[in-house]
Each structure stands twice: as C-alpha cells, then as structure tokens.
Amino acid sequence: MLLALLCHAVSFAKSSDWVTIKNGDLWYDTDGKVVQAHGAGFLKVKDTWYMIGEDRSKSWNPDVNMYSSKDLQHWKFEAKIIENGVTHPDLGKQRFIERPKLLYNKKTKKYVVWCHWEGRNYGASEAGVFYSDNITGPYKFHAGERPLGIKSRDCNVFVDDDGTAYFISTIEENQHLGFFRLADDYLSATECTQLFKRQSREAPAIVKVEGTYYMLSSACTGWDPNQCKLSYSKNMTSDWSPLENIGDRIAYDTQAASILTIQGKKQTSYLYVGDRWMDPDLPNSKTIIFPLVIKDGKCEIVPANQFEINFKTGEIRY
Ligand code: GAL
C-alpha cells in the first residue's frame, strides 16, 4: 500500500514537471487580462523569465509592459516599465517604441532596455536606451538617438559568454544589419560592423550554441510575414554564412522576436519566440513559441501547435 502510494507520488511529481505550450490563442495573465508584450525581449533571473514587450492594446504608441513567469505559461503582470508621457515627454507624441529588449549589466548592477525609438513614418530611425536599479523599474530614459549617428530600426540584443553585449539592428534605410558593440555599461554603442549588406534583413534574433552563433531574420515586409532565413558563424562580427531558408515561406505566419535557451539537467533546448502580427489586428497579434532544434550544426524550427517542455530536464516532447 505504502509502495503504491509512493509510486503514485513519484509519477505525479514527474508528470507535473511537463508544461504544455499551446500556440495560436491570446495569452492571459494571472489577473485574467490579455498579455500585451509584442516584439518581446526576455531576461532570465534564477528560475524566472521576465518578458517585456509592446503593449498594442491601443494599436499605436505602445507602452512597454513587463511580465514574469517560471513556465512561459503563467504570466504575472509586473509593471508598465516604460510609459507614454511619463518616462519621456515625447513618448506617445513625437516618438514611439518597438521591440524593447532587456539586459542586465553585472558591472553596474543595472537593468538596461534597448529598443527601436521611432517617429512619424519611421523617419527618425533611432534607438532608445533606458536603465533601472530594479528589474521591474521604474526605468529612466538615457538616450534616444541614432547609434553612432547611424539610422537604425528593427532591433535585438545579444550578450556573449564574456559579457560583451551587442545591439543588432536594421540600418541605413533597411539596407544592412548593424552589429553595434556596446560599452561596458551597456548604455551606448562603441563600434558598428555592417553585415548582410544590401540584404534588407530585419527582426534579427541570435543564439549561441557550442561556439556557433545562429541568427534568424526576416525580410522587410511590414506586418506581413515572409520567409525566415538562417545564417551562422563562429565569429559574431564576421564570416556569417550565406542566408538560407528555414521554415515555410511565411515563417509559419510569424516574425522572430527572441530565441530562448532552456538549460535543463539532461539537455539544453532552444525556443523560437515570434510575433503573429495582425491576427486579425494589432492588439490581437499573438505570441508564438516553437521548438528550435539546433543539433550537429543544423537548425530547424518545429512548427508545433502544441508541445510539452520540462524545464527541469530541458527536454521537449510532442
Ligand atoms: C515590421 C517590423 C515591426 C514594425 C512593422 C511596422 O517590419 O518588424 O517591428 O516596425 O514593420 O510596419
């Protein structure tokens, strides 16, 4: 009897370690409100994922919302970390934010947000930088300008193993990708390497796996999805492979926002996080999570409408 109970307890504990991720629906936070965090950026602190993104509930001029979760399923609303008219007087008027991304600087112990800081008709082409002593804010405005004087739009960030951080953005009227190396405090760019010249890539997302950098990116077709392409390199700022198709011709109706690394006790898995924009309108755009299988130098998006993930072991099953 005791043995039977024990076995039951063990199997219960095991099955509860598996979390089901379902794609295609709106997400609701723990207060029952629709999660608004588009073009999302993530930072993991201990066992908690912090997600920031565009609040598109009014379509335009998004505030930046922050949510937290331990399983990418139950999201607690933490704060509006950047707010129109509050964080900066121009925000919500002459300027708006897209694709906010979150970093932690170990040296200054500050949380830093980099984002696309834009104006009418996407003419400003600037990057915004904010910082805070606490992850949930309040965040202070640091800069809103063209990094190193270079026109910059869609963006992401990447932090290397040694703490070197990069702001990667679509530069010079959507022509090239700029790999901006950030200063030690992550608050400014110190140099820019222009890559993927005249290939018009945007929505870049980079992950490093066993010494190789893998980058996913899209073409520039506004809210309409297009073919996602993959490139890889052993060097962050050189020798990237020619772009190759990955996934179907509309990236399963998504555009890349982030790539997450799930480090479990048994294995490390990767998740592609993308935006299914205009589904059917901006406020109802969906966040989609697909397994990204990176193995033996190959990379593949698995377009699963539903899958299970075990955050303890790092395993994924379908
Ligand atoms: C997309 C971009 C989005 C947003 C949109 C506006 O190309 O990835 O972040 O800027 O254009 O049309």
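Key figures
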{"read-out": "Value of Rg to Rh for the range 54-94 (Rh from inverse mean 1/r over Cα pairs, i.e. Kirkwood)", "value": "1.08"}
{"read-out": "Per residue Cα convex hull volume in Å³ - calculated over the range 1-152", "value": "149"}
{"read-out": "Ratio Rg/Rh, restricted to the range 158-224 and using Cα atoms, in which Rh is the Kirkwood radius", "value": "0.99"}
{"read-out": "Accessible surface, 1.4 Å probe, highest first, among residues ARG201, ARG317, ARG249, ARG120", "value": "ARG120, ARG249, ARG317, ARG201"}
{"read-out": "Range of Cα positions in the range 26-104 per principal axis (Å), largest first", "value": "37, 29, 18"}
{"read-out": "Bins of 5 Å from zero: percent of alpha-carbon pairs in the range 83-140", "value": "5, 19, 27, 24, 14, 8, 3, 0"}
{"read-out": "Filtered GluC sites (Glu not before Pro), the range 177-283: DSSP coil and at most 15 other beta carbons within 10 Å", "value": "GLU210"}
{"read-out": "In Å, descending, principal axis extents of the Cα set of the range 199-264", "value": "33, 30, 17"}
{"read-out": "Segment TRP60-ASP224, length gained on full extension (0.36 nm per residue, minus Cα span)", "value": "57.4 nm"}
{"read-out": "Cα convex hull volume per residue for the range 278-318 (Å³)", "value": "101"}
{"read-out": "Exposure of ASP239 as accessible area (Å², to 10), given a probe of 1.4 Å and all protein chains", "value": "120"}
{"read-out": "Reciprocal of mean inverse Cα separation for the range 186-318 (Kirkwood radius, Å)", "value": "15.8"}
{"read-out": "The chain: relative contact order in percent, alpha carbon pairs under 8 Å with at least 6 residues between", "value": "14"}
{"read-out": "Principal-axis tilt of helix 2-15 within the chain, Cα atoms, nearest 10 degrees", "value": "20"}
{"read-out": "Cα pair distances in the range 117-268, grouped into 5 Å bins until the bin that holds the longest one, percent each", "value": "2, 9, 17, 21, 20, 16, 10, 4, 1, 0"}
{"read-out": "Over the range 264-311, relative contact order from alpha-carbon pairs under 8 Å, at least 6 apart, %", "value": "31"}
{"read-out": "The chain: mean projected area of Cα convex hull, nm²", "value": "17.0"}
{"read-out": "Charge sum, other residues only, whose C-beta stays under 12 Å from TRP240's C-beta, Lys/Arg counted +1 and Asp/Glu -1", "value": "+2"}
{"read-out": "12 Å beta-carbon shell around THR268, net charge (K/R +1, D/E -1)", "value": "+2"}
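The values are calculated or read from the model by the stated rules, or taken from the named source; none is laboratory data. Computed from a predicted structure; not experimentally measured. A quick note on method: Cβ atoms are made from the backbone with ideal geometry, for glycine too, and the neighbour counts reach across all protein chains shown. Just the protein is used for accessible areas: all its heavy atoms, side chains included, with ligands, DNA and RNA removed. Shrake-Rupley method; radii C 1.70, N 1.55, O 1.52, S 1.80 Å.
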